[in-house]
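The values are calculated or read from the model by the stated rules, or taken from the named source; none is laboratory data. What you are looking at is a predicted structure, and each value in this text was computed from that prediction instead of being measured. With ideal geometry, Cβ positions are generated from the backbone for all residues, glycine too; neighbour counts draw on all protein chains shown.
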Amino acid sequence: MKTYPISGILALCAALSLLSFPTGSFAQETKKMTTQQVYEEALRAYYRGDLVAAERGLRQVIQVDPRHSTARGYLAQVTHKLKTQDEKGGSRIEQNLAKVIVPSVDFKDATLESVLDFITEKTAELTNNEFRPNILYKGPAEELTAKKVTFKLANVPMTVVLQYIGEFTHTKFAYEKFAIVGTPERDTVAAEKPAGKEESSGLLSTPR
């Protein structure tokens, strides 16, 4: 039987290892490619107005590449816009809720309490728990079970669902900085009604 010197076997193994695995910083190149993809997706989110997603993506890019000056520039713009929105009130919550598209809604004699819970839980489900709106009701507690709604919708933003709920329960919902606050319309009318003016009656309008 023919034998081979140990040195020759070691040399052969070394050559095979060079053929089997790419030389250089292959893992680093893959990481850079992934970072570039995250950066491009963040820019797409920025230009379609999804500032929350843009901020998240840009921060990921900078975490991997702190010297990414362009990402830092965009992040500064995004941070400024988000801060401006927060100072204006609840526009950020409204924008996030408007991006959540509900495949179907089918309420039949559903209480106000249950449909508000639906909005919170369904939004969290559809956003993979990235966004869970906080909804408060300022009316009497018994109205949460006394007021009921019946309607069907399909493929609509969650803001439209909330608008329908407001119409059918005579509740005005306001997007504030940290929550969505529902107030019975009788309370808002009383607060806004000028002295000496009588309230006019009307039919329920259909949300547009």
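Could you check the range 60-79 and list, in sequence order, the residues that are under 20 Å from residue 99 (Cβ atoms) and either surrounded by fewer than 16 Cβ atoms within 10 Å (Cβ to Cβ) or assigned by TED's automatic domain parsing to the domain that holds residue 130 (or both)? Listed by number, the residues that qualify are 77, 79. Of the helices (runs of 4 or more DSSP H) lying entirely inside the range 1-70, those carrying at least 1 residues that are modelled with pLDDT of 50 or more and among the β-branched types (Val, Ile, Thr) are 26-47, 51-64. For the range 99-113, the candidate set comprises residues that are surrounded by 14 or more Cβ atoms within 10 Å (Cβ to Cβ) and farther than 9 Å from residue 149 by Cβ; within that set, the residue that is modelled with the lowest pLDDT is 99. Taking every residue in the range 166-188 that is in contact (Cβ under 8 Å) with a residue 60 or more places away in the chain and pairing it with any residue that is β-branched (Val, Ile, Thr) and assigned to a strand (DSSP E or B), at least 6 positions away or on another chain, the pairs with Cβ-Cβ distances below 9 Å are 174/180; 174/181; 174/183; 175/181; 179/135; 180/135; 182/135; 182/171.
In the range 57-75 there is no residue matching the filter, namely being out of contact with any Leu (no Cβ under 8 Å at 6 or more places or on another chain), within 22 Å of residue 177 (Cβ to Cβ) and either in contact (Cβ under 8 Å) with a residue 40 or more places away in the chain or not hydroxyl-bearing (Ser, Thr, Tyr) (or both).
Okay, residues lined up against (1) closer than 14 Å to residue 101 by Cα; (2) not in a loop (DSSP other than H, G, I, E, B):
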site: 114; (1), (2): no, yes
site: 123; (1), (2): yes, yes
site: 128; (1), (2): yes, no
site: 140; (1), (2): no, no
site: 144; (1), (2): no, yes
site: 152; (1), (2): no, yes
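Using the structure shown, decide if residue 174 is touching a Ser or Thr at 6+ places or on another chain (Cβ under 6 Å), in a strand (DSSP E or B) and surrounded by fewer than 18 Cβ atoms within 10 Å (Cβ to Cβ). Considered against the rule, which asks whether it is touching a Ser or Thr at 6+ places or on another chain (Cβ under 6 Å), in a strand (DSSP E or B) and surrounded by fewer than 18 Cβ atoms within 10 Å (Cβ to Cβ), residue 174 comes out as no.
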